[in-house]
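Participant: Here it is: the structure, laid out below.
The values are calculated or read from the model by the stated rules, or taken from the named source; none is laboratory data. Being a predicted model, the structure only gives us computed values, none of them experimental. Glycine gets a Cβ as well: all are built from the backbone with ideal geometry, and neighbour counts include every protein chain shown.
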Amino acid sequence: MSPGLEGPPSSPAPDRSGAEVSVFRLTERDLDGEFQELKVEGELDLSVVDRLTERITAARGRPVLVDLSECTFIDSTGIAAVLLARRDGGRVAIHSPSDQVLRVLAITGLTGDGVVFDDRREAMSGLAAQGVGD
């Protein structure tokens with residue numbers, strides 16, 4: 001895996017209430033020269049979503065897998081980044097969402113639309129079945 005685009009993660013910092021806030025980290029990995037994988041760690045929200053959008057755009061037409069196994073929170077801007085990329089012809093799928101993130105994705109109805117997959121292999125197969133990554 002290539003180094004994190006945002007540098008190494010640091011310890012969670014307390015917010016004003018004293019609760020810990022997850023530090024965002026985005027790492028990128030090439031999968032056999034065919035797929036690009038972006039792993040999100042921490043919270044994917046308005047304050048960091050542009051970083052994900054930039055990396056999806058930088059894939060330059062290659063299929064992108066977004067690994068949310070270490071994502072602790074996703075808001076509507078994170079979901080919109082993936083959906084807008086797909087709407088604009090991007091070849092993007094989410095895989096391995098954490099339990100908390102999966103609940104949000106299920107509520108929005110995305111788990112049955114060929115956008116969210118249980119693991120990387122399923123996501124790659126799903127994109128291939130959609131004519132992506134052939």
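Participant: Could you tell me whether residue 42 is in contact with a helix residue (DSSP H, G or I) (Cβ under 7 Å, 6 or more places away or on another chain), small (Gly, Ala, Ser) and under 15 Å from residue 24 (Cα atoms)? Give the steps one after another, and end with the answer.
Facilitator: On the way: in contact with a helix residue (DSSP H, G or I) (Cβ under 7 Å, 6 or more places away or on another chain): no; small (Gly, Ala, Ser): yes; under 15 Å from residue 24 (Cα atoms): yes.
Judged against the criteria, residue 42 is not a match.
Participant: Among the residues of segment 47-61, which ones are surrounded by fewer than 17 Cβ atoms within 10 Å (Cβ to Cβ) and part of a loop (DSSP other than H, G, I, E, B)?
Facilitator: Selection gives 47, 60, 61.
Participant: Okay, moving on. Please go through segment 27-39 and give me each residue that is farther than 12 Å from residue 55 by Cβ, part of a strand (DSSP E or B) and in contact with a helix residue (DSSP H, G or I) (Cβ under 9 Å, 6 or more places away or on another chain), ordered by number.
Facilitator: Answer for segment 27-39, where residues must be farther than 12 Å from residue 55 by Cβ, part of a strand (DSSP E or B) and in contact with a helix residue (DSSP H, G or I) (Cβ under 9 Å, 6 or more places away or on another chain): 31, 35.
Participant: To continue, here is another question. For residue 82, indicate whether it is within 11 Å of the chain's Cα centre (by Cα), at negative phi and either in a helix (DSSP H, G or I) or modelled with pLDDT of 95 or more (or both).
Facilitator: In short, yes.
Participant: For segment 4-24, check the following and say yes or no: at least one residue is modelled with pLDDT under 95, surrounded by fewer than 14 Cβ atoms within 10 Å (Cβ to Cβ) and within 18 Å of residue 96 (Cα to Cα).
Facilitator: No.
Participant: Can you find even one residue in segment 114-130 that is in contact (Cβ under 8 Å) with a residue 60 or more places away in the chain, surrounded by fewer than 21 Cβ atoms within 10 Å (Cβ to Cβ) and under 19 Å from residue 28 (Cα atoms)?
Facilitator: Yes, some residue in segment 114-130 is in contact (Cβ under 8 Å) with a residue 60 or more places away in the chain, surrounded by fewer than 21 Cβ atoms within 10 Å (Cβ to Cβ) and under 19 Å from residue 28 (Cα atoms).
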